[in-house]
Amino acid sequence: GDSVTQTEGLVTLTEGLPVMLNCTYQTIYSNPFLFWYVQHLNESPRLLLKSFTDNKRTEHQGFHATLHKSSSSFHLQKSSAQLSDSALYYCANMGYKLTFGTGTSLLVDP
Amino acid sequence: GALVYQYPRRTICKSGTSMRMECQAVGFQATSVAWYRQSPQKTFELIALSTVNSAIKYEQNFTQEKFPISHPNLSFSSMTVLNAYLEDRGLYLCGASAETLYFGSGTRLTVL
C-alpha cells in the first residue's frame with residue numbers, strides 16, 4: 001500500500017536559517033498527489049501546499065516544495081525560518097485515502 | 001473558500017457512554033469525508049472513509065459497530081463513538097474533500 005516517510009522527528013533551528021523538511025513516498029498510483037499540512041499547538045491540521053505536477057515548484061506563505069517523481073520526494077523548504085513557523089508538519093499522499101507521514105516537529109529558536 | 005466546521009470542540013464523557021461529533025462542509029461539496037484520530041504521539045489513524053453513494057470503508061481495527069458514521073449529503077457527516085473507554089481518548093478529526101482534504105477543528109474526547 002501507499003506510505004509516506006518523514007525521516008526527521010524533530011528539527012530545531014535558529015530564526016533566519018533555511019528550513020528543509022524531508023518527505024518521500026511510495027505509491028501504487030502513477031500520478032501521486034502530495035500535500036503538506038501544518039498543525040500549530042492546539043489546532044487542527046491546515047493545508048500548506050499541494051502538488052501533483054512533476055518538477056513544478058509550488059509555493060505558499062513563504063514555503064515551497066517540488067514534487068519529484070524520479071526520486072519520489074516532496075521536500076518542504078523555506079529560505080528563512082520565523083518563530084511562528086514552529087509547528088508540526090505532515091507530508092501526505094492521496095491514493096484512495098490520504099496517507100500521512102509521522103510528522104516533523106519544527107522548533108525555531110530566537 | 002473551503003471551510004469545515006466540526007463540533008463539539010471538546011467533550012467529556014463517562015466510560016461506557018457514547019458521544020457524537022458532527023462535521024459540516026461550507027463552500028464546497030464534500031464528496032468524501034474521512035474521519036481520523038490523532039494519537040497522543042501525534043500520528044494519524046484513519047478510522048473510515050465515506051464517499052457519497054458508496055459504502056463506508058472502515059480501516060483495520062475500526063468497526064461500524066464502534067464508530068457508526070452517517071454521510072447523508074454533500075455537506076454533512078457525523079460519527080458516534082459508542083461505549084467510549086479510555087483507549088478512545090484523543091483528537092478526532094473530520095476531513096472533507098472534493099479533491100483536497102480540509103480538516104475541521106477537531107473534537108477532543110476525554111473519557112472519565
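The numbers here are math on the coordinates, done by the rules we state, and not lab data. On a predicted model such as this, the values are computed, not experimentally measured, just so you know. Cβ sites come from the backbone with ideal geometry, for glycine too, and all protein chains shown count toward neighbours.
Using the Cβ-Cβ distance between A:Thr5 and A:Ser86 with R0 set to 22 Å, the FRET efficiency from 1/(1 + (r/R0)^6) comes to roughly 0.45. Between the residues A:Thr53, A:His68, B:Ile47, the greatest Cα displacement towards the positive end of the dipole of the protein assembly as shown, with unit charges on the Cβ of Lys, Arg, Asp and Glu, is found for B:Ile47. Per residue of peptide A:101-107, the mean number of Cβ atoms on other chains within 10 Å of the residue Cβ is 2. If you plug the beta carbon distance of A:Thr53 and A:Glu15 into 1/(1 + (r/R0)^6) with R0 = 35 Å, you get a FRET efficiency near 0.65.
What are the lysines whose alpha-carbon lies under 25 Å from the alpha-carbon of A:Lys69, with same-chain residues fewer than 8 places away excluded? Partners found: A:Lys50, A:Lys56, A:Lys78, A:Lys97. In sequence order, the stretch B:82-98 has phi-based couplings of 8, 6, 5, 10, 3, 5, 8, 5, x, 9, 9, 10, 9, x, 10, 8, 10 Hz under the Karplus curve 6.51 cos²θ - 1.76 cosθ + 1.60, θ = phi - 60°, and Gly or Pro positions carry x.
What is the sum of charges, Lys and Arg at +1 and Asp and Glu at -1, for the other residues whose Cβ falls under 12 Å from the Cβ of B:Thr11? Walk me through the numbers on the way to the answer.
Numbers: positive: B:Arg9, B:Arg10, B:Lys14, B:Arg20, B:Arg89, B:Arg108; negative: B:Glu22, B:Asp88.
Its environment carries a net charge of +4.
Note that the stretch B:38-43 has calculated 3J(HN,Hα) couplings of 9, 6, x, 7, 6, 8 Hz, one per residue in order, obtained from phi through the Karplus relation 6.51 cos²θ - 1.76 cosθ + 1.60 (θ = phi - 60°); glycine and proline are x.
Report, as an integer, the average count of C-beta atoms from other chains found within 10 Å of each Cβ along A:40-50.
Per-residue shielding by partner chains comes out at 4.
For the stretch B:3-111, the direction-averaged projected area of the alpha-carbon convex hull comes to 6.1 nm². Within the shell of other residues whose beta carbon sits under 15 angstrom from the beta carbon of A:Gly103, the net charge comes to -1, with Lys and Arg scored +1 and Asp and Glu -1. Taking Cβ separations below 4.7 Å as the criterion for a possible disulfide partner, the isolated cysteines in chain B are B:Cys13.
Tell me, what is a quarter of the convex hull surface for the C-alpha atoms of the protein assembly as shown, in nm² with one decimal?
Numbers: hull surface 49.0 nm².
If you wrap the Cα atoms of the protein assembly as shown in a convex hull and average its projections, you get 12.3 nm².
Excluding same-chain residues fewer than 8 positions from B:Lys42, which aspartates and glutamates have a Cα within less than 17 Å of its Cα? The qualifying aspartates and glutamates are A:Glu8, A:Glu43, B:Glu87, B:Asp88. Each label point was placed 7 Å from the Cα along the Cα-to-Cβ direction; for B:Glu65 and B:Thr43 their separation is 2.6 nm.
Suppose every K and R has +1 on its Cβ and every D and E has -1 on its Cβ; what is the size of the dipole of the protein assembly as shown about the Cα centre, in Debye to the nearest 20?
On the way: 17 positive and 15 negative charges, 73 e Å.
Dipole magnitude for the protein assembly as shown comes out near 340 debye.
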